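Q: Would you mind keeping the following structure in view while I ask a few things?
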Amino acid sequence: MEMMSKEYTLLERAPTVQEYQLLRNSVGWSTVSDAAVAHSLHNSLYSVCIIHNDKTIAMGRVIGDAGIYYYIQDVVVLPKYQRKGLGTQIMNAIMNYLEQHADSTAFIGLMAAKGFWHFYQAYGFQKRPLDGPGMFKYQSSGEKID
């Protein structure tokens, strides 16, 4: 799928390792190794990038087991381009992919960045109840979570 506008092009492709690292860094996400990024991107189920003037300015991807579990991951828009509807274009492409590929009984999850949970509500996502909190762990025991 390719979406064109006067300024932006949406392409169904993974970002390069360099593009991925730049986008993560632009929003203050933790640093990950290039080797881990390359492996992760290769194993994604679906990826999409938005290009502006030959530069990748946004991305999103789906990871999971392609059967029961799907997770929306790494929806990132460079801060300079935020609030222009690009995140919505990414999510529309991702939701279209999931509609076509995920079984009707599949679990589709995501972890929203701080302050962005409301963005995903428009797509039917709900916060987990307080008595059923999600949990996570970083492999490095030195990683701290705010």
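Q: Here are some conditions: (1) part of a loop (DSSP other than H, G, I, E, B); (2) free of Cβ contacts under 8 Å to residues at least 24 places away in the same chain. Ile63 meets all but one. Which one does it not meet?
A: (1)
Here is a yes/no grid of residues against (1) of a type in the set (Ser, Thr, Tyr); (2) free of Cβ contacts under 8 Å to residues at least 40 places away in the same chain:
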{"site": "Gln21", "(1), (2)": "no, yes"}
{"site": "Ser26", "(1), (2)": "yes, no"}
{"site": "Thr31", "(1), (2)": "yes, yes"}
{"site": "Ser40", "(1), (2)": "yes, yes"}
{"site": "Met59", "(1), (2)": "no, no"}
{"site": "Tyr70", "(1), (2)": "yes, yes"}
{"site": "Ala93", "(1), (2)": "no, no"}
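Q: Filter segment 21-41 down to residues that are surrounded by 13 or more Cβ atoms within 10 Å (Cβ to Cβ) and small (Gly, Ala, Ser) and give me whichever is farthest from Arg61 (Cα to Cα).
A: So, considering only residues that are surrounded by 13 or more Cβ atoms within 10 Å (Cβ to Cβ) and small (Gly, Ala, Ser), the one farthest from Arg61 (Cα to Cα) is Ser26.
Q: Could you look through segment 74-112, keep only residues that are among the polar types (S, T, N, Q) and outside any loop (DSSP other than H, G, I, E, B), and pick out the one that is surrounded by the fewest Cβ atoms within 10 Å (Cβ to Cβ)?
A: My answer is Gln100.
Q: Right, something else. Pull out all pairs, ordered by first then second residue, where Cβ-Cβ is under 8 Å, the residues are six or more apart or on different chains, the first lies in segment 113-124 and is over 17 Å from Arg83 (Cβ atoms) and in a loop (DSSP other than H, G, I, E, B), and the second is modelled with pLDDT of 90 or more and of a type outside the set (Ser, Thr, Tyr).
A: Tyr123/Met91; Tyr123/Met95
The values are calculated or read from the model by the stated rules, or taken from the named source; none is laboratory data. As the structure is a prediction and not an experimental result, all values here were calculated from the model. Counting neighbours? That spans all protein chains shown, and the Cβs are built from the backbone with ideal geometry, glycine included.
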